[in-house]
Number of protein chains: 2
Amino acid sequence: MKRAGSIANNWASSDALKHALAQRGGRRAALEDAIRSAIRSNRLRPSDPLPSSRALARELALARGTVAEAYAQLTAEGYLTARPGGTTRVAAGGATADATGTTVATAAARLPFTLEVGVPDVSAFPRAAWSTAMRRALRTAPSPRLALGDPRGAGELRDALAGHLRRTRGVVVDAGQVVITCGFSHGLAILCRTLRGSGLDCLAMEDPCLDSHRTIATGAGLRVVPLEVDEQGATAEPPPGTRALLLTPAHQFPLGMTLAPGRRTALIGWANAHDGLIVEDDYDGEYRYDHQPVGALQGLAPDRVIYAGTVSKTLAPALRLGWLVVPPRLLEPTVATKGLLGAEPSAIEQLTMAELLQSGAYDRHVRRTRLRYRHRRDRLLELLSEHAPELTPRGIAAGLHVLLDLPSGVSEDGLVDGAAAAGLALNALGPFWHDSAGRPGGLTIGYAAAPDHAYEQSLAVLAEVLRPTTVRFRRCARPT
Amino acid sequence: MKRAGSIANNWASSDALKHALAQRGGRRAALEDAIRSAIRSNRLRPSDPLPSSRALARELALARGTVAEAYAQLTAEGYLTARPGGTTRVAAGGATADATGTTVATAAARLPFTLEVGVPDVSAFPRAAWSTAMRRALRTAPSPRLALGDPRGAGELRDALAGHLRRTRGVVVDAGQVVITCGFSHGLAILCRTLRGSGLDCLAMEDPCLDSHRTIATGAGLRVVPLEVDEQGATAEPPPGTRALLLTPAHQFPLGMTLAPGRRTALIGWANAHDGLIVEDDYDGEYRYDHQPVGALQGLAPDRVIYAGTVSKTLAPALRLGWLVVPPRLLEPTVATKGLLGAEPSAIEQLTMAELLQSGAYDRHVRRTRLRYRHRRDRLLELLSEHAPELTPRGIAAGLHVLLDLPSGVSEDGLVDGAAAAGLALNALGPFWHDSAGRPGGLTIGYAAAPDHAYEQSLAVLAEVLRPTTVRFRRCARPT
């Protein structure tokens, strides 16, 4: 907690809030507006705890349900975050990710310009190809495919994926090992519980990594420990006692390096020596621009690595479709755990995706978007070299974002706030550290999120936002 | 465990098995065939534990992975069941449900005739209407709908459902309280963890109830206690200390009665007196034939009842689409728990369903299938009164199945096996009891599962199967 809860309590009992409520029509809408406004104006700041709905209801003489609904609405909008049984807090500044690992519609996301990370250009979603594939799947699927089938997922999709992953990512896989999920977060929720069930109590996660993944692992009852990342990627020295790692080998999230060959060997060596398991989050492995594609880590040790992929970056996050490739000895418990969580993507969607893979439409779409994102990356690098030549972007060879280290003394939150004020959604590096205290500041620049028509303007705003930083940079020492 | 594990061990070390393996091509395929054949021929019987994959691999000089993959394949086919970290066993006879609460493709499901419960006629799925709605949704959805949005689910669908549920089921609901799920099992997995998070450790479930729901609750860390059911439905006396119940008020599963008005009042009274919560599983509430629809229990106490619905019976189970209506005070923790499990249906599917509701196509489909299932029920009752007049079917006023009590001394497993031998998939009542010891036997007859062309023949096989029972019945006392 960055500041005392009393600030939020002071806000709750302020005359301004009561005045706002008295002025407006619907009390719930008025309360929502008042909270939004307090957050936008920084009277409530990121991580500030809000009073319990019961306490605030008493304070404001509202029904508790009214307050709870307002909190839920604002949580849905990304202004607030809630944990089961825990305190409701103001969400991290800028865009925020909810516990699903899914960026929710946030205050920032409604800004006109965006360079957020973790989101592809959904305006490029191949609607016509998807619609054609869906109609074909629906026309040809025998009726029993609409009843429940194989708990691993539709055989057609598992077959098509196995071929695709062998061909494009060097994954060593038989269709029998593929387990279809509702996206990576769901796969991680399944795996964490499977690990727990097999007696593991701890998961090492790269530091930094996606914060919502830490939340999911903790929510599954695992202790999360940091795994250091250097310029070669994750180090091969997990804390003693650790037997499971979550890695992003293709393009470290969010720092952007590719896991070095020597590190790959060392990490597999660690796994073999410690009866360890590595979960490979191949979230944007399809996008590599400068070299030959780097194969999946799984190909080096199919018995030690669980490979996880998703269409969230290649097609659209809202499809909620992903897959795990599971070593045979873990297949039964993984499928059983999936059953206990009760979720699976629609068979129609699974068959549609199988059709998209089989027809070649998926490959064509990935190639098309790869070219497009490469152009965007080149434009971004051009702009940075022109307007912020002192800031060297990292992680440019692959993926959908780059990282900018910030000079010491430059506040990443200040830049994110400044960008938001200028209408641009940006992500700071801070929330991705396990503990950001003492860590250098940075900005992650996602060049995929904006639709085409807004990309150039998003870059122009970024140049504006970075201008004082680079001026300052010229006066400062470069951070080590 | 019904019989000693040594039987499976004897089977594992039998010459017959080794002979089968030596004869065949692929060793994994051969092992699968040998296990299937042992189950079909009753050498391995329901609930028999199998040797661990390690032990069987040693016994047969196979790679452990080969055995694990064979077990996974047979689990997927429904021959075997596996629990995380537990023993692999032969699945219950006839159809079996996996831990998702979802009937998997089973040995029985591949029989030519079926009167299984829990499955609608998927050949009646409105493919054309779904395809039209999907294309419209895909044509009209703004791109940001393909990025992640409200963690409760798509607003369009929550709005459409709120109206639909108010109108057709008397649910007291605002769209803000609707949480979209990947079907009832997913909703139950979310709710059980939400209850745990709020300090509850126990869930009372009707006795009998769907066995896979017990598995999901136990898997979420709840203790499951039985709630007695009499001819008026669930009793209003949960064991002391219980504060949460799972009920099927519209059509008790599997016994079939509608929860009596007095019982509804008494259960709400219990909830108010004990700060209790009731989860209302309205799994087939759309199907009522003889009276005015009975409204949802939730309408009597919207603050005490969490309403749960699904398209699994009205459209198709493989859509994996359901919804919860959550009291406002539970909304935040429920949404947060949903986030921790990481799953949600595809936005395209959610928007398609919204379109189907808004266009009236869903209502038309439900009316059409209601008429059709009513005709099927009438045919079933006709046949029973002709061929098994001593067996009074229960639960005929609603839903998609009836229950036949069996005379004492008649083995339900024997009938299910006999039916399977004649090509008919049937479900015994036994697995639905928390503990079937001392409980009367019964058969559940699902009249929705078969496609139209196979329904009459399924009934004809049923008449054959029941013939010796009714002869025997004439010699026996009726069970009390």
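No value in this document is a laboratory result; all are computed from the given coordinates. Here the structure is a predicted model, which is why all the values come from computation and not from measurement. Neighbour counts run over all protein chains shown; Cβ positions are idealised from the backbone, glycine included.
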**Prompt:** Considering only DSSP beta bridges whose two residues both sit in chain B, what percent are antiparallel, to the nearest 5?
**Reply:** 55
**Item:** Mean residue ellipticity (222 nm) of the protein assembly as shown, computed from DSSP H runs ≥ 4 via -39,500 (n - 2.57), nearest 500
**Value:** -13500 deg cm²/dmol
**Message:** Under 5 Å between amide hydrogens, which residues at least 5 positions from residue B:305 or on another chain qualify, with H placed 1.01 Å from N in the peptide plane?
**Reply:** B:278
**Asked** Which of the peptides A:264-275, B:391-402, B:304-315 is most tightly packed, and how do the rest follow, judged by the mean count of other Cβ atoms within 10 Å per residue?
**Response** B:304-315, B:391-402, A:264-275
**Prompt:** Once Lys and Arg get +1 and Asp and Glu get -1 on their Cβ, which of B:260, B:200, B:44 lies farthest toward the positive end of the dipole of chain B?
**Reply:** B:44
**Complete:** Shielding of A:324-336 by other chains, given as the mean Cβ count within 10 Å, works out to 6
**Asked** Share of antiparallel DSSP beta bridges in the stretch A:180-259, in percent to the nearest 5?
**Response** 20
**Message:** So if the hydrodynamic radius of the stretch A:344-480 is defined as the Kirkwood radius over C-alpha pairs, what does Stokes-Einstein give as its diffusion coefficient at 4 °C and 1.567 mPa s, in µm² per second?
**Reply:** 77
**Placed amide H near residue A:80: partners under 5 Å, 5+ positions off or other chain** = A:75, A:91
**Request:** With a ≥ b ≥ c taken as the square roots of the eigenvalues of the C-alpha gyration tensor of the stretch A:138-259, please select rounded if a/c is under 1.5 and otherwise prolate if a/b is larger than b/c or oblate if it is not?
**Result:** prolate
**Asked** Taking a label point 7 Å from Cα toward Cβ, how far is residue B:370 from its twins in the other copies, in nm, shortest first?
**Response** 5.3
**Request:** Under 15 Å from the Cβ of residue B:269, count the other residues' Cβ atoms, weight Lys and Arg +1, Asp and Glu -1, and hand me the total.
**Result:** +1
**Nm distances between copies for residue B:132, ranked from closest, using label points 7 Å along Cα→Cβ** = 2.4
**Request:** Measure nothing fancy, just the Cα-based angle from helix B:261-273's long axis to the longest principal axis of chain B, in degrees from 0 to 90, nearest 10.
**Result:** 80
**Request:** Starting at the first residue of the stretch A:242-254, write each ³J(HN,Hα) from the Karplus equation 6.51 cos²θ - 1.76 cosθ + 1.60 with θ = phi - 60°, in whole Hz, x for Gly and Pro.
**Result:** 6, 10, 9, 10, 10, 10, 10, x, 5, 6, 3, 9, x
**Message:** Under the 0.36 nm per residue contour assumption, what length would be gained going from the current alpha-carbon distance of residue B:413 and residue B:364 to full extension?
**Reply:** 13.7 nm
**Request:** For the stretch B:139-207, just the Cα atoms, rotate onto the principal axes and tell me the three extents in Å, largest first.
**Result:** 46, 30, 19
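To the nearest whole number, what is the average tally of beta carbon atoms from other chains within 10 Å of the beta carbons of peptide B:63-70?
Across the residues of B:63-70, the mean count of other-chain Cβ atoms within 10 Å is 4.
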**Asked** Once amide H atoms are placed 1.01 Å from N in the peptide plane, what residues at a sequence separation of 5 or more from residue A:206, or on another chain, have their amide H within under 5 Å of its amide H?
**Response** A:227, A:246
**Message:** Please report, for residue A:273, the nm distances (one decimal) from its label point, 7 Å out from Cα along the beta-carbon direction, to the equivalent points in the remaining copies, shortest first.
**Reply:** 6.5
**Request:** Work through the residues other than residue B:57 whose Cβ is under 13 Å from its Cβ and net out their charges, Lys, Arg +1 and Asp, Glu -1.
**Result:** +4
**Request:** Just need log10 I(q)/I(0) for chain A at q = 0.05, 0.06, 0.08, 0.13 Å⁻¹, Debye formula, equal scatterers on the alpha-carbon atoms, no solvent, rounded to two decimals.
**Result:** -0.19, -0.28, -0.51, -1.29
**Prompt:** How high is the FRET efficiency between residue A:456 and residue B:303 when r is their beta carbon distance and R₀ equals 60 Å, given to the nearest 0.05?
**Reply:** 0.70
**Prompt:** Using a Förster distance of 35 Å, how high is the FRET efficiency between residue B:265 and residue A:139, based on the Cβ-Cβ distance and rounded to 0.05?
**Reply:** 0.10
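Rounded to the nearest 5, what is the percent of antiparallel bridges among the DSSP beta bridges in the protein assembly as shown? Could you put the intermediate results ahead of the total?
Values: 48 of 84 bridges.
Here the share of antiparallel DSSP bridges comes out near 55 percent.
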**Request:** Compute from the Cα atoms of the stretch B:236-383 the Rg and the Dmax, the latter being the longest Cα-Cα distance, and quote both in angstrom.
**Result:** 17.2, 51
**Request:** Quick one: work out Rg over Rh on the C-alpha atoms of the protein assembly as shown, Rh as Kirkwood radius.
**Result:** 0.98
**Item:** the protein assembly as shown, dipole about Cα centre (Lys/Arg Cβ +1, Asp/Glu Cβ -1), debye to the nearest 20
**Value:** 600
**Prompt:** With a sphere of radius 11 Å drawn around the Cβ of residue B:140, what net charge do the other residues whose Cβ falls strictly inside it have (Lys, Arg +1; Asp, Glu -1)?
**Reply:** +3
**Fill in**
Rounded to the nearest 10, the angle in degrees between the Cα long axis of helix B:361-387 and the longest principal axis of the Cα atoms of chain B comes to 40
**Contour minus Cα-Cα distance for residue A:464 and residue A:52 (0.36 nm per residue)** = 144.3 nm
**Prompt:** So how strong a dipole does the stretch B:269-399 carry about its Cα centre when Lys and Arg Cβ are +1 and Asp and Glu Cβ are -1, to the nearest 20 debye?
**Reply:** 400
**Fill in**
Here P(r) for the stretch A:279-319, Cα-Cα distances in 10 Å bins, as whole percents, is 28, 46, 25, 1
**Prompt:** For chains A and B related by rotation, which residue of A has the Cβ nearest the axis, and what is the rounded distance in Å?
**Reply:** A:343, 2
**Asked** Shielding of A:189-196 by partners, i.e. mean partner chain Cβ atoms within 10 Å per residue?
**Response** 2
